[in-house]
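In what follows, a structure is listed as C-alpha cells, so that the remarks can point back to it.
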Amino acid sequence: MDKLLLLRSGAIVIQLITVFAVYFLMALDISLMPLIVVICGETIFHLASILFYRKRHIRQHDLVLQLLADVVFLTLLLSLSGGATNAFVSLLLLPIVIAAVTLPTRWLVLVSVTAMAAYSIMLLKMPSHSMHHMDMTKHFIAMWANFILSALVVTLVVGALARMIIEREQAIAKQREEQLRSEQLLALGMASTQVTHQLATPLATIQLLYDELLETDPTNPAVQDMAGPLRTCATQLASFRELASAVRDKKPQRLVVSALVAQLQEQFQLQFPLQQLHVNPVPDGYIEADALLLPALFNLLQNAVQANQNQGQHQVNIDFKVHTIQSDTRLHITIRDFGSGVSDHQAIKLGEQLIESEQGLGMALLLSNATIERFSGKLSLINHPEKGMQAIVELPLCSDPQQVSS
C-alpha cells in the first residue's frame, strides 16, 4: 500500500506538470479548469487515504479500492482531454499491471474489466466528427482492440507469472522453516542422547548404593522412598534405549488402536494418579507407526495435565472420530484439557517452532508434531469454545491389518 500511495503522489505531480505544459507551452485547447478540479479531487482522496491507512491493517479489498479509484481518476482525466483519442490512454494498463503483481485472480479480473469498460465507454462517447475526421474510425477501433489485447495479456500472462513467483517464494520459505525445525530437532536429539548417556553411569552408581542401603537398613523410610523414583528412572532409561533402537532400525509396526490407547491409559494412571482420564469408545483398526508414536501422544497428555494443574482441574478427555474420503480413512484423536488455553497466535506456532513462555518452550509439542508428521499425520491445536485447549491428532487408519505395509 505504501508503494502504491508513493506512486500516486508522483503521478499527481506529473499530471499537474503535463496539464500546465500542454496548456501554456504548447497552447493546446484543453479544459484546464475541469482537469484541475479532477486533480484536486484526486489529491484530496490521496491525502485522505494516507491518513486513513497510516495505522490501519491493510487488507486485499483496501488495495482493490485504491486501484479502482486510480482507474476512475484516469478515466476522468482522459475524458476531459480527448477521451479515446488521447495518446496517454494506455495509462489505464498501469492499475492492471499492479493488480496482476499484488492481487489474487478474482480481484485482478475486477480491475481489468473496469479498465477495459472505461476505455470502451470513452470510445463509444467520442463525438461523431472525431470518429469520421480523416477516416480515423478504424484507427481508433484498432487502438481499442490493442488495449483490450494488452489488458488480457497482462491479466493472463503477468498474473500467472506473479502467482508462480509467489508460490515459489512460499515453497522456499516453507522449506527454510522445515530445515530450521529439522536442525532444532537434530540438536534436541543429540542433547537428549548425550544427557541420557551421561545419566546412565550416575544412575547405576545410585542403584548400587541403594541396594547396599537396602541390605543394611531395609526399614529406613528414606530408603523405601527411593525405590519408586529409582524404578521410574530405570524404566525411562530403558524406554529411551528401546526408542533409539526402533528409530535406528526404521521398522514400522502394526499398532492396534485399542492396544495403543490401553498403553496410554496405563502410563497416565501411573504418572498422574490424581488426574482422571475419560476415554470415549475406541474404534477398531490399525496404525502404521513405530515405538515413537506412544511417547508423542503421551507428551500431549502431559501438556494437558500441566494445563489442568495450573487451573486446579483434574479431568482430561480423549475422543475418537473416523473420517473417510474416498479410499483414505483417517483417525482423529482429540485430547482436551480444562486449562486456560492459549492465544490463537501461540496456537498456530506451537508444534512448529520453539516458543518461550511461562510454561516452557513448547519442546514436547515440537517433538510430538515432528513424530506425527513422520507417520503421514497432522497435529492441530485449537482452543475449545467453552474452556481449555484441544490437541487434534490425525493419522491414517487401516481396518485390515494386511493394508499396513511392512
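The values are calculated or read from the model by the stated rules, or taken from the named source; none is laboratory data. On a predicted model such as this, the values are computed, not experimentally measured, just so you know. Please note: Cβ atoms are built from the backbone with ideal geometry, for glycine as well, and neighbour counts cover all protein chains shown.
Among the residues of segment 15-52, those identified as loosely packed, with under 14 Cβ neighbours inside 10 Å, more than 41 Å from the chain's Cα centre (by Cα) and part of a helix (DSSP H, G or I) are 17, 20, 21, 24, 25, 33, 37, 40. Cβ-Cβ distances below 6 Å connect the following pairs, each with a first residue in segment 4-21 that is farther than 13 Å from residue 73 by Cβ and in contact (Cβ under 8 Å) with a residue 24 or more places away in the chain, a second residue that is in a helix (DSSP H, G or I) and of a type in the set (S, T, N, Q), and a separation of six or more residues or different chains: 4/66.
Quick one: would you say residue 57 is outside any helix (DSSP H, G or I) and exposed (fewer than 12 other Cβ atoms within 10 Å of the Cβ)? Yes.
Residue pairs whose Cβ atoms lie under 8 Å apart, sitting 6 or more positions apart in sequence or on different chains, and linking a residue in segment 281-292 that is of a type outside the set (Lys, Arg) to a partner that is at pLDDT 85 or above and in a loop (DSSP other than H, G, I, E, B), are 283/397; 285/397; 286/397; 287/397.
Of 292, 264, all but one fail to be farther than 25 Å from residue 201 by Cα and either modelled with pLDDT of 80 or more or not assigned by TED's automatic domain parsing to the domain that holds residue 208 (or both); the exception is 264.
Here the condition is being at pLDDT 80 or above, aliphatic (A, V, I, L, M), in the same structural domain as residue 301 (by TED's automatic domain parsing) and buried (at least 19 other Cβ atoms within 10 Å of the Cβ); of 392, 372, it holds for 372 alone.
Conditions (1) basic (Lys, Arg); (2) at pLDDT 85 or above; (3) surrounded by 15 or more Cβ atoms within 10 Å (Cβ to Cβ), marked per residue:
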residue: 120; (1), (2), (3): no, yes, no
residue: 142; (1), (2), (3): no, no, no
residue: 149; (1), (2), (3): no, yes, no
residue: 154; (1), (2), (3): no, no, yes
residue: 157; (1), (2), (3): no, no, no
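Being free of Cβ contacts under 8 Å to residues at least 40 places away in the same chain and crowded, with 19+ Cβ neighbours inside 10 Å is the filter here; which residues of segment 295-307 pass it? Reasoning before the result, please.
Let us first name the residues in segment 295-307 that are free of Cβ contacts under 8 Å to residues at least 40 places away in the same chain, namely 298, 301, 305.
301, 305 - these are the residues of segment 295-307 that are free of Cβ contacts under 8 Å to residues at least 40 places away in the same chain and crowded, with 19+ Cβ neighbours inside 10 Å.
I'd like to check something: does segment 2-24 contain any residue that is in the same structural domain as residue 147 (by TED's automatic domain parsing) and in contact with a Phe, Trp or Tyr (Cβ under 6 Å, 6 or more places away or on another chain)? No: zero hits. Taking into account only those residues within segment 322-353 that are under 12 Å from residue 381 (Cβ atoms) and at pLDDT 85 or above, which is surrounded by the fewest Cβ atoms within 10 Å (Cβ to Cβ)? Applying the filter and picking the extreme gives 334. Scan segment 47-67 and tell me whether some residue there is out of contact with any helix residue (DSSP H, G or I) (no Cβ under 6 Å at 6 or more places or on another chain), touching a residue at least 24 places away in the same chain (Cβ under 8 Å) and of a type in the set (Phe, Trp, Tyr). The answer is yes; a qualifying residue exists. Quick check: anything in segment 222-235 modelled with pLDDT under 80, part of a helix (DSSP H, G or I) and in contact with an Asp or Glu (Cβ under 7 Å, 6 or more places away or on another chain)? Yes, because at least one residue in segment 222-235 is modelled with pLDDT under 80, part of a helix (DSSP H, G or I) and in contact with an Asp or Glu (Cβ under 7 Å, 6 or more places away or on another chain).
So, residue 205, is that one exposed (fewer than 14 other Cβ atoms within 10 Å of the Cβ) and either modelled with pLDDT under 80 or not in a helix (DSSP H, G or I) (or both) or not? Outline the logic, then answer.
Details: exposed (fewer than 14 other Cβ atoms within 10 Å of the Cβ): yes; either modelled with pLDDT under 80 or not in a helix (DSSP H, G or I) (or both): no.
No: the conditions fail for residue 205.
Kindly evaluate residue 188 against the criterion of being at pLDDT below 65, surrounded by 13 or more Cβ atoms within 10 Å (Cβ to Cβ), closer than 30 Å to residue 226 by Cα and not charged (D, E, K, R). Steps first, please.
Details: at pLDDT below 65: yes; surrounded by 13 or more Cβ atoms within 10 Å (Cβ to Cβ): yes; closer than 30 Å to residue 226 by Cα: yes; not charged (D, E, K, R): yes.
Here the answer is yes, as residue 188 does meet what is asked.
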